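Notes follow once the structure below has been shown.
The values are calculated or read from the model by the stated rules, or taken from the named source; none is laboratory data. In this text the structure is predicted, and so the values were computed from the model without any measurement. For neighbour counting, all protein chains shown are included, and Cβ atoms are generated from backbone atoms with ideal geometry for every residue, glycine included. Accessible surface areas use protein heavy atoms only, side chains included; no ligands, DNA or RNA. Shrake-Rupley method; radii C 1.70, N 1.55, O 1.52, S 1.80 Å.
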Amino acid sequence: MNSLIRTSARKSLRQFSTSSIKFNSQQIIASEEQALKSAPLVALHERLNLPSSYKLGTLAQALTCRSSYKQELAHNYGLNILGKNFLTYYVSEHILATYPRLPLPVLNAAVASYISSDSLYAVGKYAWGIESDDTTALSKYLNEEAKEHSLGKLRFLPISQTDEAGVTKLSSRDRKSIHPAAAYALGVRSIIGGLYLSTKSEEVTKKFIQDHILSRKLDISKMFEFEQPTRELSRLCERQNLEKPVARLISETGRKSDKPIFVMGIFSGENKLGESYGSSIREAKIRASVNALKNWYLYKPTTVSVPSDKDYKPSVVDHGIVIV
Amino acid sequence: MFFPILKAQSTKSLTRSVGYLHAQPKRVRGLVRDPATFLQSPCGKAYDIQSTSSLKTYLGEEYALDDNLLLQVLTHKSFAHGMKPFNEKLSVHGSQFLKHKSAIHTVNSEKGISALGSLESRKTLSTDILAAFVKQQGFADVIYWKKRDDSITDPTQSGENSIKAGVLEALIGALLVTRGAGVAEKFVFEKLLSENSKDSLVNIVRAQA
């Protein structure tokens with residue numbers, strides 16, 4: 001009797017793991033009928049407010065990584081590339097239009113803050129609530145989970161995070177296995193790629209990126225790090241044909257106390273470029289130079305429009321960062 | 001509490017006057033160089049707005065850009081220690097736009113989404129192909145940059161190809177920033193990705209294959 005149950009279970013397990021859904025030999029997208037049976041997939045579609053033209057099968061494809069065990073299902077490799085191109089372009093376009101003079105290293109850091117794997121992991125896992133399919137085939141079988149249920153979960157082969165005590169690993173790491181953050185990033189990018197593929201509308205995709213990715217707050221002013229601010233400011237003034245910057249003491253208090261405060265301003269001719277305070281004149285001067293440089297680099301047009309807008313109005317064309 | 005100083009400190013600043021002692025052809029350490037000796041392209045073309053004429057002719061009326069912007073497009077960050085406007089950010093912006101439009105072009109073509117990430121697709125936007133395009137159009141001689149080592153002649157090693165590719169990307173970036181996405185898209189589809197244009201990137205890849 002026991003052997004009969006074991007044989008039956010093995011047979012069902014094999015069916016589950018290799019052909020849970022009947023597909024052809026070619027990689028294909030899950031049909032709408034099958035996809036509709038996946039509650040997490042339908043819920044995700046609704047939660048993201050995706051248009052009806054965005055098929056559930058395409059969404060299931062966006063959640064299937066190449067490393068997934070469901071090799072017969074179409075994976076998200078192409079969707080990921082498409083989504084990545086959309087994300088990179090629209091995010092950098094937005095930042096560049098908002099801050100046209102932003103130095104390239106800061107721009108890269110800002111773009112990464114929006115669309116790095118870690119950021120997209122947070123979006124996918126915590127904002128969109130995508131679950132990963134990390135239950136074993138045995139658990140699924142024992143729980144009598146519907147075959148299509150996992151279509152709504154992110155499917156990938158994860159890197160084993162911990163070594164089991166007493167188990168010696170003989171084989172090297174599977175080259176296809178990926179970190180969960182990378183898998184979630186693939187999923188998020190692929191969902192965006194899938195949106196364009198389904199709607200063929202750049203405007204809809206741009207709006208989706210604005211709502212879900214660019215809506216997060218990012219303080220770019222804290223990303224700056226100047227090594228030689230006074231020298232850089234001097235060089236900037238020289239390049240822009242401005243008068244040489246001069247530091248002037250604006251006010252001070254407690255010069256002879258143990259907690260003096262000096263307020264310095266940096267002037268180019270009659271124009272004040274920056275102002276700051278410090279516990280010494282030198283510190284205040286450096287802080288004021290940093291303030292002046294930030295005022296320059298963080299220049300923001302009064303009306304921000306991006307090149308992909310229909311009513312786009314050109315802004316400043318940056319001449320590049322100052323090389324010290 | 002702050003006590004404002006009644007009289008501002010002296011507004012005069014010391015200015016250092018430097019006498020030019022142009023030592024040519026040899027460079028003398030410590031002396032300010034005559035700008036004319038270094039404000040020129042590796043091919044010997046002087047840094048001048050007139051040098052943009054070949055690029056201007058190529059763009060025509062349809063994609064016309066301001067002369068100063070064209071000069072910026074042709075100038076790399078390495079030139080004159082970054083004291084002249086350079087194309088770094090225009091290039092980044094243009095590169096992203098080109099990749100974005102190329103992906104859309106591929107998806108909407110017969111090849112479909114499965115062609116994204118293919119060898120041909122990656123090669124079309126590779127540095128070597130973009131550099132070949134710039135060379136073919138004849139504005140490679142007026143690119144202003146500084147070679148890190150004059151003894152390196154191989155364009156892939158000296159960074160020459162990367163500089164040329166950067167100029168094409170900067171050109172797209174300049175069109176994008178000043179004329180908007182519509183004009184830049186037309187330029188990309190018409191001049192770079194169209195199979196009908198014999199000089200397009202797609203046809204350069206095919207010719208090389």
- Among the residues of the range B:113-133, how many are open to solvent by 60 Å² or more (accessible area, probe 1.4 Å) and more than 14 Å from chain A (Cβ to nearest Cβ)? 3
- For the range A:268-283, which residues satisfy the criterion of being in a strand (DSSP E or B) and either out of contact with any Ser or Thr (no Cβ under 8 Å at 6 or more places or on another chain) or not assigned by TED's automatic domain parsing to the domain that holds residue A:233 (or both)? A:268, A:271, A:272, A:273, A:275, A:276, A:277, A:278
- Query: Quick one: how many residues across the range A:99-153 are outside any loop (DSSP other than H, G, I, E, B) and either touching a Pro at 6+ places or on another chain (Cβ under 8 Å) or more than 30 Å from residue B:90 (Cα to Cα) (or both)?
  - Reply: 17
- Query: Pairs, please: C-beta under 8 Å, at least 6 apart or cross-chain, first residue within 23 Å of residue A:235 (Cβ to Cβ) and in the range A:245-263, second in a loop (DSSP other than H, G, I, E, B) and among the β-branched types (Val, Ile, Thr)?
  - Reply: A:246/B:11; A:248/B:11
- Taking first residues from the range B:177-192 that are farther than 25 Å from residue A:319 by Cα and second residues anywhere that are open to solvent by 60 Å² or more (accessible area, probe 1.4 Å), the pairs with Cβ under 7 Å that are 6 or more apart or on different chains are B:189/B:105
- Kindly indicate whether any position in the range B:120-131 is free of Cβ contacts under 8 Å to residues at least 60 places away in the same chain and either hydrophobic (A, V, I, L, M, F, W, C) or more than 30 Å from residue A:76 (Cα to Cα) (or both). yes
- Filter the range A:94-121 for residues that are buried (at least 17 other Cβ atoms within 10 Å of the Cβ) and more than 14 Å from chain B (Cβ to nearest Cβ); the one that is nearest to residue A:322 (Cα to Cα) is A:113
- Task: Using the structure shown, decide if residue A:248 is among the basic types (Lys, Arg), open to solvent by less than 50 Å² (accessible area, probe 1.4 Å) and in contact with a strand residue (DSSP E or B) (Cβ under 6 Å, 6 or more places away or on another chain).
- Result: yes
- Where residues in the range A:56-85 are open to solvent by 40 Å² or more (accessible area, probe 1.4 Å), within 14 Å of another protein chain (Cβ to nearest Cβ) and assigned to a loop (DSSP other than H, G, I, E, B), which of them is farthest from residue B:105 (Cα to Cα)? A:66
- Message: Tell me yes or no: at least one residue of the range A:298-309 is aromatic (Phe, Trp, Tyr), open to solvent by 40 Å² or more (accessible area, probe 1.4 Å) and within 31 Å of the chain's Cα centre (by Cα).
- Response: yes
- Message: If I filter the range B:134-179 down to residues being touching a helix residue (DSSP H, G or I) at 6+ places or on another chain (Cβ under 8 Å) and of a type in the set (Gly, Ala, Ser), which single residue comes out as most open to solvent (accessible area, probe 1.4 Å)?
- Response: B:162
- By residue number, the members of the range A:137-156 that are within 29 Å of the chain's Cα centre (by Cα) and surrounded by fewer than 16 Cβ atoms within 10 Å (Cβ to Cβ) are none
- Query: Among the residues of the range B:73-92 satisfying the criterion of being assigned to a helix (DSSP H, G or I) and of a type outside the set (Val, Ile, Thr), which is surrounded by the fewest Cβ atoms within 10 Å (Cβ to Cβ)?
  - Reply: B:81
- Message: Which residue is modelled with the lowest pLDDT, if the candidates are limited to the range A:269-324 and must be farther than 14 Å from residue A:95 by Cα and of a type in the set (S, T, N, Q)?
- Response: A:302
- Query: Has the range B:94-108 got any residue that is assigned to a loop (DSSP other than H, G, I, E, B) and at the interface with chain A (Cβ under 10 Å from one of its Cβ atoms)?
  - Reply: no
